[in-house]
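Notes follow once the structure below has been shown.
The values are calculated or read from the model by the stated rules, or taken from the named source; none is laboratory data. Values in this document were obtained by computation on a predicted structure and should not be read as measured data. So basically every Cβ, Gly included, is an ideal-geometry build from the backbone, and we count neighbours across all protein chains shown. Calculation scope for accessible area: heavy atoms of the full protein, side chains included, ligands and nucleic acids excluded. Shrake-Rupley method; radii C 1.70, N 1.55, O 1.52, S 1.80 Å.
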Amino acid sequence: QAGEAVPPAQRSSWASFLKSIASVSGDLSSMTCPPFILSPVSLTEFPAYWCEHPELFSAIADQGTEEQRMLAVVKWFISTLKGQYTSRNESMGSEKKPLNPVLGELFYGNWPDVNGRGETELLVEQVSHHPPITAYAIENKSKGVKLVGHNAQKTSFSGGSIIVKQIGHATLTIKLPSGDVAEYLITLPRLRIDGLWYGAPYIELSETSWIICKEYVCAIEYKGKGYFSGKTHSFKATLTPAPGFGGTLGSHVIEGTWHTTSKFTSGPKTGLEFHNVTGPKEEVTAIGGQTSGEMGEFETRQLWKQVAKGIREGDFDMASREKSKIENDQRQRRKDELAAGTKWPLKHFDHVDSDPTYERLGKLGKITPVTEDMYVFKENWPPVA
Ligand code: CLR
């Protein structure tokens, strides 16, 4: 039944929200939603999903061969999907609308060194407000593994679902014992947000995303219920040696459901388990990003503190009052910058129009577009005391 999961008092507001998304396409971030669907967490916290299994991230550095390393990268990537795309349903009952980050919003965190895996550090900066773009760097320095990327979304509406095209990509680099640096280009899947009619949104992934390095091309195809395995959250990863490496490296096919387990279905490891995320995950520890270790006013949990409190405690008047304060402050800052002829300086990233790594590796997988802009990490974190 329509609006089944919506609190009765908010049903008409949900209905008008659904009507409006059918007509507004492109950017959903600033649309007004009924309170039941609001999340108290900003999108700047989302890059932490890349490392909910820090041991899989660090294990990428511990592999002996290119083939094993590629498999470790794919395993880490697939193991992040459960957190990225199903965790709000688990923690909050459905997918929710995250807080829309302001320009310059920051998030810092880490995962501790346990069992010699090394500490992993996280830094996130909102590098654009219109359209919203989030850049991040995640690094395990002791292992020499680093992920740098940015995300934006283009939304449209089709057949009762929101379709989210993810713009942006990530590059994973590994310092090898030989002194060389191995690079992996990572692109992102398309999302479909279903369950809107009932007021219980959830994500299904579709189309194909890629992981490409000099020696390997991995295409990951996503299907939902009713497609190749008939199961929700299904994927099929096909790893093939890049041109010139066919004689020395094996091909592999892996199939399963990304929120549970998968196994090799073709190649030398056929029948063996590949990934398994049915166990626990490790949340990031938020830390203050200043030299003092304190949280500055632009750090997400500080900035949104009152709004988040309002949403958590059901005081939506306070939440919307506090949200207006933040928005007015932003408008004033943009006006002042315009008047002064200045621009908000990014703290940790430099924007450039093309990414040579994307161009070089993207060709191997024939991915489009053939080039993309990127945010270069300034390597200025953590601050030196
Ligand atoms: C952000 C980047 C992360 C993966 C990810 C997961 C959920 C996505 C989010 C990204 C972008 C914003 C998003 C969200 C799900 C819902 C939300 C698309 C891609 C939209 C803006 C809110 C829609 C509102 C309905 C829930 C009513 O790595």
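Some observations on this one:
- Scan segment 3-36 for residues that are touching a helix residue (DSSP H, G or I) at 6+ places or on another chain (Cβ under 9 Å) and under 15 Å from Ser94 (Cβ atoms) and the total you get is 11.
- Enumeration of residues in segment 64-75 that are β-branched (Val, Ile, Thr) and either at positive phi or open to solvent by 10 Å² or more (accessible area, probe 1.4 Å) (or both): Thr65
- Single condition Leu103 does not satisfy, out of (1) over 19 Å from Lys323 (Cα atoms); (2) at pLDDT 95 or above: (1)
- Taken over segment 18-56, the criterion of being free of Cβ contacts under 8 Å to residues at least 60 places away in the same chain and open to solvent by less than 20 Å² (accessible area, probe 1.4 Å) is satisfied by Pro34 alone.
- Scanning segment 165-180 for residues that are within 11 Å of the ligand (Cβ to nearest atom), part of a strand (DSSP E or B) and open to solvent by less than 10 Å² (accessible area, probe 1.4 Å) returns a single hit, Ala170.
- Some residue of segment 17-32 being near the ligand (Cβ under 10 Å from one of its atoms), under 17 Å from Tyr202 (Cα atoms), among the aliphatic types (A, V, I, L, M) and out of contact with any Leu (no Cβ under 8 Å at 6 or more places or on another chain): yes
- Pick from segment 106-134, criterion small (Gly, Ala, Ser) and modelled with pLDDT of 95 or more, ranking: farthest from the ligand (Cβ to nearest atom): Gly118
- All helices (runs of 4 or more DSSP H) inside segment 1-105 with 2 or more residues being within 21 Å of the chain's Cα centre (by Cα) and under 30 Å from Pro177 (Cα atoms): 54-59, 66-92
- Close pairs (9 angstrom Cβ cut-off, 6 or more residues apart or separate chains): free of Cβ contacts under 8 Å to residues at least 60 places away in the same chain in segment 341-370, assigned to a loop (DSSP other than H, G, I, E, B) and polar (S, T, N, Q) anywhere: Asp353/Thr371; Ser354/Thr371; Pro356/Thr371; Glu359/Thr371
- Taking segment 76-99 as the range and being surrounded by fewer than 20 Cβ atoms within 10 Å (Cβ to Cβ) and either modelled with pLDDT under 95 or more than 10 Å from the ligand (Cβ to nearest atom) (or both) as the test, the residues that pass are Asn89, Glu90, Ser91, Met92, Gly93.
Quick grid of which residues meet (1) touching an Asp or Glu at 6+ places or on another chain (Cβ under 7 Å); (2) assigned to a helix (DSSP H, G or I); (3) basic (Lys, Arg):
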position: Glu337; (1), (2), (3): no, yes, no
position: Pro345; (1), (2), (3): no, no, no
position: Asp350; (1), (2), (3): no, no, no
position: Thr371; (1), (2), (3): yes, no, no
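- Some residue of segment 135-155 being farther than 20 Å from His351 by Cα and within 14 Å of the ligand (Cβ to nearest atom): yes
- Hits in segment 1-10 (condition: away from the ligand (no atom under 12 Å from the Cβ) and touching a residue at least 40 places away in the same chain (Cβ under 8 Å)): Gln1, Ala2, Gly3, Glu4
- Hits in segment 181-223 - residues which are within 11 Å of the ligand (Cβ to nearest atom) and of a type in the set (Ser, Thr, Tyr): Tyr202
- Scanning segment 127-154 for residues that are of a type in the set (Gly, Ala, Ser), over 13 Å from Met374 (Cβ atoms) and touching a Gly at 6+ places or on another chain (Cβ under 6 Å) yields a single hit, Ser142.
- Set Glu327, Glu322, Glu359: member being modelled with pLDDT of 95 or more, in a helix (DSSP H, G or I) and within 30 Å of Lys146 (Cα to Cα): Glu359
- Residue count for segment 106-133 satisfying the condition of being open to solvent by less than 10 Å² (accessible area, probe 1.4 Å), more than 25 Å from Arg331 (Cβ to Cβ) and part of a strand (DSSP E or B): 6.
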